[in-house]
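**Student:** Sharing a structure with you now.
The values are calculated or read from the model by the stated rules, or taken from the named source; none is laboratory data. Here the structure is a predicted model, which is why all the values come from computation and not from measurement. Ideal geometry is used to build each Cβ from the backbone, glycine not excepted, and the neighbour counts take in all protein chains shown.
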Amino acid sequence: MHGALSSLSARTTASGILTIDLAALGRNYAALSTRLAPTIAGAVVKADAYGLGADRVAPVLYAHGCRDFFVAHLDEALALKDVLAGDVRLFVLNGLVPGAEGRCAEANIVPVLNCLDQATRWAQQAAMAGRELPAILQFDTGMSRLGLAESEVRTLTDRPDLLAGVRVLFVMSHLASADEPDNEQNPAQLAAMRRLADRFPRAALCFANSGGIFLGAAYHGALARPGIALYGGAPTAGVANPMTPVVRLDVRVIQIRTVPAGTRVGYGGVHVTSAERRLATIACGYADGFPRHLSDRGAVYCGDVRLPIVGRVSMDSTTVDISALPDGTLAPGSLVEVIGPHQSLESIAADAGTISYEILTRLGPRYHRCYCNHQEPS
Ligand SMILES: *Cc1c(COP(=O)(O)O)cnc(C)c1O
């Protein structure tokens, strides 16, 4: 009762309401699974499930059949153990940090081994534990970020003793340009991956992220690692987004005023009104992950009406021009749409000169989070 009441009051007073549609998340996982079959769909839930709350997101994916979860850090994997059943596999993409071997082995977490030193330390851990330990081996096929170079892969296959006691479940690599279907890096990385994977005939392939899934079956391997597409982001640039939106963000109006022509708006006074304008100040700023790059560009929405951002984005607030709305449409306390049916993640990201991933992972803690199914508050 108390919880229900306080959540009700948060809905009416919070600076903004971040609605996360768990049913849409489940539909996206199911759609990717269908597209991938017989390849298995894992799920990337790093960075708190792209900012949406891994403790809420991962169990929904589990309920839809997901058993393979990827995070960036060991601590993220350890936290997931509290919210998932024991029959899952938890993979740590960033690799095996020196000193983490014991904790990783004890918790049955599977490290992605990204260099020879990590492989050696995991083999030592296996010898110490007196049992086989599972791992993924990552190859660098052209991103120069994480993974074994071709020469290191050769060292491992020339000297099998280096991996004694390590069971290589998958060999993996990551595509640098998967969201661009015509980018020549994609087939080049696929060819490099196949060449290196041939050296591990018993290991299955783990290759495609969201974009890779839409490059076709050649990219699928045995286990895929979608992230952004699960959360409703577009897997491919420049084409209609096939995924269902998961996130909606509505932000509170906190003040409304009418100003004459020639009025300066916001820090630096960089915006000067060209005519009489009605302005609304809304309760999101760069401290909420609302990009400062949206200063004097981009917009929010009230129904179908576009409300352009005027002046600089402040830490806790942003001013928008509501002159296009009939008088009285908005009042302090009203909500305007920042992300939703009129403004996709991709479009606000483009206005801010960034990508959907950054918008999602920065959605701030001051918004009231409302987890729902089919847009019905739970
Ligand atoms: C983040 C990440 C993914 C998920 O990528 P999306 O583009 O969000 O699908 C997959 N693999 C690796 C190695 C990653 O770092």
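**Student:** State all residues of the stretch 105-137 that are within 16 Å of residue 77 (Cβ to Cβ) and under 24 Å from the mean Cα position of the chain (by Cα); if no residue qualifies, say none.
**Tutor:** 109, 110, 111, 112, 113, 114, 135, 136
**Student:** Consider residue 92 carefully, then state whether it is among the β-branched types (Val, Ile, Thr) and within 15 Å of residue 203 (Cβ to Cβ). It would help to see each step written out before you state the result.
**Tutor:** Working: among the β-branched types (Val, Ile, Thr): yes; within 15 Å of residue 203 (Cβ to Cβ): no.
No; evaluated as a whole, the condition is false for this residue.
Yes/no per residue for (1) out of contact with any helix residue (DSSP H, G or I) (no Cβ under 6 Å at 6 or more places or on another chain); (2) outside the structural domain of residue 172 (by TED's automatic domain parsing); (3) under 26 Å from residue 98 (Cβ atoms):
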residue: 11; (1), (2), (3): yes, yes, no
residue: 15; (1), (2), (3): yes, yes, no
residue: 27; (1), (2), (3): yes, no, no
residue: 37; (1), (2), (3): yes, no, no
residue: 40; (1), (2), (3): yes, no, no
residue: 52; (1), (2), (3): yes, no, no
residue: 73; (1), (2), (3): yes, no, yes
residue: 77; (1), (2), (3): yes, no, yes
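**Student:** Something else about it: Out of all the residues in the stretch 8-59, which are of a type in the set (Lys, Arg) and within 14 Å of the ligand (Cβ to nearest atom)?
**Tutor:** Taking the stretch 8-59 first, the residues of a type in the set (Lys, Arg) are 11, 27, 35, 46, 56.
Result: 35, 46.
**Student:** Scan the stretch 68-81 for residues that are outside any strand (DSSP E or B) and either surrounded by 16 or more Cβ atoms within 10 Å (Cβ to Cβ) or touching a residue at least 24 places away in the same chain (Cβ under 8 Å) (or both) and jot them down.
**Tutor:** Our first condition is that a residue be outside any strand (DSSP E or B); within the stretch 68-81, this holds for 72-81.
Within the stretch 68-81, 72, 73, 74, 76, 77, 78, 79, 80, 81 qualify.
**Student:** Also: Determine, yes or no, whether residue 298 is under 25 Å from the mean Cα position of the chain (by Cα) and buried (at least 20 other Cβ atoms within 10 Å of the Cβ).
**Tutor:** Details: under 25 Å from the mean Cα position of the chain (by Cα): yes; buried (at least 20 other Cβ atoms within 10 Å of the Cβ): yes.
So residue 298 fits the description; yes.
**Student:** In the stretch 295-358, which strands (runs of 3 or more DSSP E) lie fully inside it and hold 3 or more residues that are on the phi < 0 side of the Ramachandran plot and out of contact with any Cys (no Cβ under 8 Å at 6 or more places or on another chain)? Write out each step before concluding.
**Tutor:** On the way: elements: 299-302, 305-310, 318-321, 335-339.
Ranges flagged: 299-302, 305-310, 318-321.
**Student:** Inspect all residues belonging to the stretch 93-107 and state whether any of them is surrounded by 21 or more Cβ atoms within 10 Å (Cβ to Cβ), in a strand (DSSP E or B) and in contact with a helix residue (DSSP H, G or I) (Cβ under 8 Å, 6 or more places away or on another chain).
**Tutor:** Scanning the stretch 93-107 turns up no residue that is surrounded by 21 or more Cβ atoms within 10 Å (Cβ to Cβ), in a strand (DSSP E or B) and in contact with a helix residue (DSSP H, G or I) (Cβ under 8 Å, 6 or more places away or on another chain).
**Student:** Restricted to the stretch 178-215, and to residues that are in contact with a strand residue (DSSP E or B) (Cβ under 6 Å, 6 or more places away or on another chain) and assigned to a helix (DSSP H, G or I), which residue is farthest from residue 139 (Cα to Cα)?
**Tutor:** Step one: list which residues in the stretch 178-215 are in contact with a strand residue (DSSP E or B) (Cβ under 6 Å, 6 or more places away or on another chain), which gives 196-197, 200, 203-208, 213.
Now drop any that are not assigned to a helix (DSSP H, G or I), which leaves 196-197, 213.
Values: 196: 8, 197: 9, 213: 19 Å.
It comes out as 213.
**Student:** Cβ contacts < 7 Å: first residue closer than 16 Å to residue 255 by Cβ and assigned by TED's automatic domain parsing to the domain that holds residue 347, restricted to the stretch 302-321; second residue charged (D, E, K, R) and in a loop (DSSP other than H, G, I, E, B), any location; separation 6+ or different chain. Result?
**Tutor:** 309/296; 309/297; 310/296; 311/296
**Student:** Okay, moving on. Restricted to the stretch 214-266, and to residues that are among the β-branched types (Val, Ile, Thr) and exposed (fewer than 14 other Cβ atoms within 10 Å of the Cβ), which residue is nearest to the ligand (Cβ to nearest atom)?
**Tutor:** Per the criteria, the residue is 239.
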